[in-house]
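Okay, so here's the structure we're looking at.
The values are calculated or read from the model by the stated rules, or taken from the named source; none is laboratory data. Every value quoted in this text rests on a predicted model; they were computed, and no experiment measured them. Neighbour counts run over all protein chains shown; Cβ positions are idealised from the backbone, glycine included. Side chains are part of the model used for accessible areas, which takes the heavy atoms of the whole protein and leaves out ligands, DNA and RNA. Shrake-Rupley method; radii C 1.70, N 1.55, O 1.52, S 1.80 Å.
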Amino acid sequence: MPFTYTNDHQIYRLDYTAPNFTVEQLALEIDLDPVSTKVTTRFVIDAIDQNIDEYEVRLHGSNELLLATIAIDGQQLDSSEFIFDENDLLIIFTQGQHTVEIINTINPSTNTELSGIYISNGMFCSDCEPQGFRNITYFPDRPDVMTRYRVTLRADQAYPVLLSNGNLIEEGLLENNRHYAIWEDPFPKPTYLFAIVAGNLAYIEDQHIRPNGSPVQLRVYADQKDIDRCDFAMKSLKKAMKWDEERFGLICDLDFYNIVAVDDFNGGAMENKGLNLFNTSCILASPETANDDDFTFVEAVVGHEYFHNWTGNRITLRDWFNLSLKESLTVFREQEFIGTEEHPGVRRVQDVNYLRTHQFPDDQGPLSHAVRPDTLGSIENIYTTTTYEKGAEIIRLYQTILGKEGFDRGFARYIKEFDGQAVTVDDFYQAMKAENPRLFDNFMLWYSQRGTPIVKASTEYHPDKKELRLSLKQYLFDPVTKESKQPMPIPVSYALFSQDGELLLEETFTLTTHQQCLVFHNIDAEPIISLLRGFSAPVMLDYDYSFRELQTLIAYETDYFSKWEALQNLILKVIFARDMTLDQMSEIIGNAVEPLFDYAYEDPAFCAQLLTIPDEGYYLGLMEVEDIFYLRNIRQTIVRYVASRFQDRWLKLYQDFQKDDAESRAIKNIALKFITSLEEYQYLLPEQYYQSSNMTDIGSALKCAVWQDIPEKQAMLDDFYERYQHYSTLIDRWFSVQESDPNLTLDMLDKIVEHPAFTRNNPNRVRAIVGAVGKNRYALAKVGSPLYQWIANEILEIDRINSITAAKLVTPFTKVARLQEPLQSEVIEIIHTMLKAPNISNNLFDQLKRIVQ
Ligand code: PHE
Ligand code: ZN
């Protein structure tokens, strides 16, 4: 590489030192004003070791803060009595307890990073995870310092709702049209869980009754215009509370639980204690404005944030290297919750599909990191699919290896033993191990070794001995250094079927060494094996199924994942069989699809999942050098073949599933997708679009119209904008549908940037536009480096506004090593130019640097 880039902000896990002090009470007074908010911070600090003469404390700050005064025990300090270390304040205290009072100001109206206190759509709100608190005041902004908060908010009466964590203690009027509210949170918490809201908000209200009969008062706050789209979120919250009581015996510990919908938000939602803040895209839902997947998503995110109350808030993190401790466990709990609410097979398949299309490529690319990394250039950059989704699979591994009961015992012990503490993934392991001594000693390798393991399986049947031998081998290569890594415990669930599909046996075996062999006796005839059922471990399985075996498994597998996987494998085998003609390929896939038309009436939701054409990203990830044109061509030919061979059956499905429920819509819209690949049926797209009032149907028709490039496409897009321009989530969708157009050009992008609804200040809009262009693999390949350059320019512009959001847009650049020449060299050049941009943020720099080094 021509350059080496160094990062001054690199931090190391093993550098961790525990704080040598405690903070007992924190009183915050916040005088809200859009341009100059005054923050008064008072706290009592004490040394942990009472015998030391003095102790140094780092109060984290940032360049957002304007320090007015600082006093210790009532004595104002002059500037010789503290040290500024970059933006942090270092203070040396003498032995024992001291009170600290700091006054500073901040400017919420210029806070476009959306970290700390900022303004969104005229309301004050906040986001402190992971290190936003230092943009509010000087304080030890680290998760292992937990404190009780008392918060006084003062604001103009134009902001009638004043919220913070915990319980409302007092409120009243002040001079000059101002008012105040005092909130107290009974639970000690780290800074990242602090939140405030002040605005003119409407709310809906309900309650949850706990097992002991006491109520929790629940509110969802939103802008008046959005309040009629909050009911579903409220219902989901109540379900989640009940589920956590029933499944894990975990009861809500708060008398008040508030959720607030915010337009401008970096993440999806945030689990602040008793005051969850939600990106509007993760909370608002009505059938006219949200599709069925959005509904499930809202339910999942509401559940996720609520589940954090125990896994994250009551038991929190020692340091940010352990982020996965709270996220993986909470994603796992969220997945289990949705699995009981919705169709369990659909949910599992969607989760695995998501993992494989997003986390697998990330974990094999330059941004790959261990679930619990040893070093970080930016904490913001570990909010990844690896931390969340791979982490959740590791929690699932505990459950698969230990069984549900063993897992539940370990989990209960974890909760009991560490309640109120800031801990690590090792502590979670210790709790599991204490209850389940047989848990493998090398289990923690799952947290320390990055990359996706490969399990290579082979079978041999010996008719003379009536014996089947199964050999399993595991490999793991570090994705960056290419070194071979240590074997890990990998549970492989499998089943044996007879040639005509009878289930003979099902078991789980945990592969713990590099290679192991299993022998099955008394097997009368050669069986069909089905491996990695339920996706029992986050690995790539390499096993050569024959076409016939796959066809049998598609028809007879009783495990949802493996039934789906058999069809996936069949498609893969066809696509990568370079010695087949397109006609042959189409026919094999057609034969496999044929029985599914009847299955649709048996299990419509799961059948829709089977028939969903998978994301090309997954297939591209399996190609040495990405060739989207080859893939797209095969895919289109096969889709048209399957559409035309079964025209009548698709039409029948389309007509038979017109009921107003999610599973009918799922099947109906799959049928629509296939059948409208044939021109004579494309009239169905405008027909469905204009006749429906349900967003699932409207959205599906619009997407297909753009994808198929039908003559009515522009009229439909214009109509959509006209109808939904007042719903920001739908404008986002409107943009992203256009950005995913395979015929996307730079001219089209110029028009988009000039559109009045275009803005770089709203993260959702940025993702809907720049993010969606980055996902458009076909256009990227077709337009080439000018399109990468367009994305690069946008990322740099956005970086000046919001570096957290900008840094997450680099995904298309992470695939650079897989591009063909000369595009590859051109894109590398673009990345180097970005790295040299003046004032590039640390967040963006860290990502780009890892890509080219
Ligand atoms: N902790 C949030 C979640 O996973 C994500 C988040 C991170 C939100 C950082 C805001 C800021 O639920
Ligand atoms: Zn989370």
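On the basis of being more than 16 Å from Gly132 (Cα to Cα), in contact with a Phe, Trp or Tyr (Cβ under 7 Å, 6 or more places away or on another chain), modelled with pLDDT of 95 or more and open to solvent by less than 20 Å² (accessible area, probe 1.4 Å), does Ala261 make the cut? Yes, satisfied.
The range 308-402 holds helices (runs of 4 or more DSSP H) entirely within its bounds, and those carrying 3 or more residues that are away from ligand 1 (no atom under 16 Å from the Cβ) and open to solvent by less than 10 Å² (accessible area, probe 1.4 Å) map to 344-354. Restricted to helices (runs of 4 or more DSSP H) entirely inside the range 587-685, those with at least 2 residues that are exposed (fewer than 15 other Cβ atoms within 10 Å of the Cβ) are 596-602, 628-645, 647-656.
Looking only at the range 191-205, decide whether some residue is in a loop (DSSP other than H, G, I, E, B) and within 16 Å of ligand 1 (Cβ to nearest atom). Yes - at least one qualifying residue is present in the range 191-205.
Conditions (1) of a type in the set (Asp, Glu); (2) more than 22 Å from Phe535 (Cα to Cα), marked per residue:
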{"position": "Phe428", "(1), (2)": "no, yes"}
{"position": "Ala431", "(1), (2)": "no, yes"}
{"position": "Asp441", "(1), (2)": "yes, yes"}
{"position": "Pro463", "(1), (2)": "no, yes"}
{"position": "Pro489", "(1), (2)": "no, no"}
{"position": "Gly501", "(1), (2)": "no, no"}
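Among the residues of the range 46-69, is any modelled with pLDDT of 95 or more, open to solvent by 60 Å² or more (accessible area, probe 1.4 Å) and of a type in the set (Phe, Trp, Tyr)? No, the range 46-69 has no match at all. Please determine, by comparing only the residues of the range 544-572 that are under 30 Å from the mean Cα position of the chain (by Cα) and closer than 17 Å to Ser458 by Cα, which one is least open to solvent (accessible area, probe 1.4 Å). Residue satisfying both the conditions and the ranking: Ala566. The residues of the range 275-304 that are open to solvent by 10 Å² or more (accessible area, probe 1.4 Å), out of contact with any Ser or Thr (no Cβ under 6 Å at 6 or more places or on another chain) and within 15 Å of ligand 1 (Cβ to nearest atom), listed by number, are Phe297, Val301.
Looking at Tyr630, Tyr654, which one is without any contact (Cβ under 8 Å) to a residue 12 or more places away in the chain and more than 27 Å from the chain's Cα centre (by Cα)? Just one listed residue meets the conditions, Tyr630. Applying the condition of being of a type outside the set (A, V, I, L, M, F, W, C) and assigned to a strand (DSSP E or B) to the range 49-71 and asking which residue is farthest from Ile801 (Cα to Cα) yields Glu54.
Restricting Ser378, Ser324, Ser368 to those that are within 11 Å of ligand 2 (Cβ to nearest atom) and of a type in the set (Ser, Thr, Tyr) reduces the list to Ser324.
Selection of the range 113-139 for residues being away from ligand 1 (no atom under 11 Å from the Cβ), among the charged types (D, E, K, R) and closer than 16 Å to Pro763 by Cα yields only Glu113.
Among the residues of this structure, Ser164 does not count as one that is within 16 Å of ligand 1 (Cβ to nearest atom) and either surrounded by fewer than 21 Cβ atoms within 10 Å (Cβ to Cβ) or of a type in the set (Gly, Ala, Ser) (or both). For the residues Arg247, Arg229, the requirement of being under 22 Å from Ala285 (Cβ atoms), charged (D, E, K, R), open to solvent by less than 50 Å² (accessible area, probe 1.4 Å) and touching a residue at least 24 places away in the same chain (Cβ under 8 Å) singles out Arg229. One residue is enough: does the range 72-84 have a residue meeting the conditions touching a residue at least 40 places away in the same chain (Cβ under 8 Å), open to solvent by 80 Å² or more (accessible area, probe 1.4 Å) and either of a type outside the set (A, V, I, L, M, F, W, C) or not in a strand (DSSP E or B) (or both)? Checked against the condition, which is being touching a residue at least 40 places away in the same chain (Cβ under 8 Å), open to solvent by 80 Å² or more (accessible area, probe 1.4 Å) and either of a type outside the set (A, V, I, L, M, F, W, C) or not in a strand (DSSP E or B) (or both), the range 72-84 yields no hits at all.
The number of residues in the range 301-310 that are within 11 Å of ligand 2 (Cβ to nearest atom) and either more than 14 Å from Leu254 (Cα to Cα) or of a type in the set (Asp, Glu) (or both) comes to 4. List every residue pair whose Cβ atoms sit under 6 Å apart, with the two residues 6 or more apart in sequence or on different chains, where the first one lies in the range 26-51 and is of a type in the set (Val, Ile, Thr) and the second, anywhere, is open to solvent by 10 Å² or more (accessible area, probe 1.4 Å) and not in a strand (DSSP E or B). These pairs meet every condition: Val35/Asn107; Val35/Ser109; Ile48/Asn20.
Taken over the range 131-143, residues that are part of a helix (DSSP H, G or I), of a type in the set (A, V, I, L, M, F, W, C) and out of contact with any helix residue (DSSP H, G or I) (no Cβ under 6 Å at 6 or more places or on another chain) amount to 0.
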